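Have a look at the structure below before the remarks.
None of the figures in this text is laboratory data; all of them are computed from the coordinates on show. In this text, all values refer to a predicted model and were calculated from it rather than measured experimentally. Here the Cβ positions follow ideal geometry from the backbone for every residue, glycine too, while neighbour counts run over all protein chains shown.
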Amino acid sequence: MMETINSSKQAIELEDKYGAHNYHPLPVVLSKGEGVFLWDVEGKKYYDFLSAYSAVNQGHCHPRIKDALIEQAGTLTLTSRAFFNDVLGPFEKYITEYFGFDKVLPMNTGAEGVETALKIARKWGYEKKGVTENEAVIIVAENNFHGRTTTVISFSNDENARKNFGPYTPGFVKIPYDDIPALEKALENKNVVAFLVEPIQGEAGVFTPAEDFIRKASEACKAKNVLFIADEIQTGIARTGSLLAVCGNCTCEANCEKQTSYTQPDMLILGKAISGGFYPVSAVLANNDIMNVIKPGQHGSTFGGNPLGAKVAMTALEVVRDEKLALNARKLGKIFRQRMQILVDKYNILKLVRGKGLLNAVVVNDSEDSSTAWDMCVALKDNGLLAKPTHGNIIRFAPPLVMTEEQLHECCDIIEKVVKEFDKK
Ligand SMILES: *Cc1c(COP(=O)(O)O)cnc(C)c1O
């Protein structure tokens, strides 16, 4: 029999007893979402300042995406790729034109997107670059987060994510993030086929690199015939105030190849918000010379490219463009950081604020292993705002991009109230 939930306590007890303990959630049980708001089982309303790790940029239960999902759910949901379906082609055309690439390979989760890019890069290395088989090397950055598969955690340096999951996949070298000389040195190895990087390191605590890091990294790769792979699973789809973080300061909502601040990666990995928060979709985009190394039978997924996901993703991208979410994220991001900077200057408990668009973080002025950031998130929750600490003493603030300026100010007031309380402690 299916159990009905009548209280938060009951739901937490069920998860504790029957679910694997692979997460440590804030003690709040959500049962409804709309736009920037979430409600718990007891009916208390919250501002969402996590957006499901930036998977809900369009806001919760966006009516247009919901309608598209319902319509497609009643028509055709899954055929597998053993046959063609009448939504995949239009989706492939839509997303490649949207981001300015020849081709797309659709998958489901972000980690699968990363795995896909790594496989394509290795194959390209052997077949196009002429690297000796099994010798390919892929450069990654320290403190990266690219997902949870055995290969991806092989090149993580988060002990918690790695320990006792070995033996690890070989073929990866780590360099410091935002370090062009280190990249150039690593690129001297002729077996290097790719550099995989997040344009802003989200999980690590919203580390924003130097303004010209992406452009310079891409140029350094090009000079050595190495693929520059941007993991924009968290930073993409308008989150950082432009359509992609690799767009730099370009404000246009679409593919902005013509803008000087745009750096076209050789491979672009998307996930999270191309789902609109409804249904997992991820994608790897590349041009023909790279994507065509994949032949029938060499890579795939039962659900990848299914009509339901394809329809949802197309609509989710349409919403980003029609509602000018990149511009809104840019505008609100500036206001948010200004307001947080005032708090940083005024209260000793906060060390700094950083970020871009609506992907921001404040660093709490306490040791890495203190519980202050967690305690502050619990206090924020009690005051009607949901955020989560990342890496000990950092709080990430990433609301849905459909927020209004007035709502943002109300949220900043809530944060200020909590910061003030903790400053006195
Ligand atoms: C979330 C994330 C992933 C993994 O996505 P999943 O859908 O959780 O597998 C990969 N890379 C980055 C940058 C992410 O933020």
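Quick notes on this structure:
- For region 97-162: rounded, prolate or oblate by the Cα gyration tensor [a/c cutoff 1.5]: oblate
- Structure-based [θ]222 nm, the chain - -39500 (n - 2.57) summed over DSSP H runs of at least 4, per residue, nearest 500: -11000 deg cm²/dmol
- Rounded, prolate or oblate (a/c below 1.5 giving rounded, otherwise prolate when a/b exceeds b/c) for region 330-374 by Cα gyration tensor: oblate
- Residue range of the chain that is longest and free of chymotrypsin sites (Phe, Trp or Tyr not before Pro) which are both DSSP loop and sparsely packed (at most 11 other C-beta within 10 Å): 85-425
- With each label modelled as a point 7 angstrom along the Cα→C-beta vector, the H409-I12 pair spans 3.5 nm.
- For Q298 and E142, a Förster radius of 25 Å and the Cβ-Cβ distance give a FRET efficiency of 0.20, rounded to the nearest 0.05.
- The chain: angle of helix 110-124 to the longest principal axis, Cα-based, in degrees nearest 10: 20 degrees
- Low-density loop cleavage sites - GluC sites (Glu not before Pro) in region 131-174, where at most 11 other Cβ are within 10 Å (DSSP): E133
- Seen against the Cα atoms of the chain and their longest principal axis, helix 372-382 is set at about 60 degrees.
- Across region 64-322, the mean sequence separation of Cα contacts (distance under 8 Å, 6 or more residues apart), normalised by length, yields a relative contact order of 30 percent.
- Folded to 0 to 90 degrees: helix 8-18 orientation relative to the chain principal axis, Cα: 40 degrees
- The charge dipole of region 40-91, taken about the Cα centre with unit charges on the Cβ atoms of Lys, Arg (+1) and Asp, Glu (-1), comes to about 80 debye, rounded to the nearest 20.
- Charge dipole (Cα centre; +1 on Lys/Arg Cβ, -1 on Asp/Glu Cβ; no other charges) of the chain amounts to roughly 400 debye.
- Listed residue (Y262, N288, Y177) projecting farthest to the positive dipole end of region 64-322, Cβ model: N288
- Here the dipole of region 93-166 is about 140 debye; that uses its Cα centre as origin and unit charges on the Cβ of Lys and Arg (positive) and Asp and Glu (negative).
- With the charge dipole of region 64-322 set up from +1 on Lys and Arg Cβ and -1 on Asp and Glu Cβ about the Cα centre, the Cα lying farthest toward the positive end among the listed residues L187, G125, G205 is that of G125.
- Rounded to 5, percent antiparallel among DSSP beta bridges of the chain: 65 percent
- Spin-label model, K163 to K32: label points 7 Å out along the Cα-to-beta-carbon direction sit 4.3 nm apart.
- Global form of region 143-268, assessed from the alpha-carbon gyration tensor, a/c cut-off 1.5: oblate
- Too-long pairs where the Cα-Cα distance tops 21 Å, listed order kept, from K351/K417; K272/K311; K185/K272; K174/K216: K185/K272
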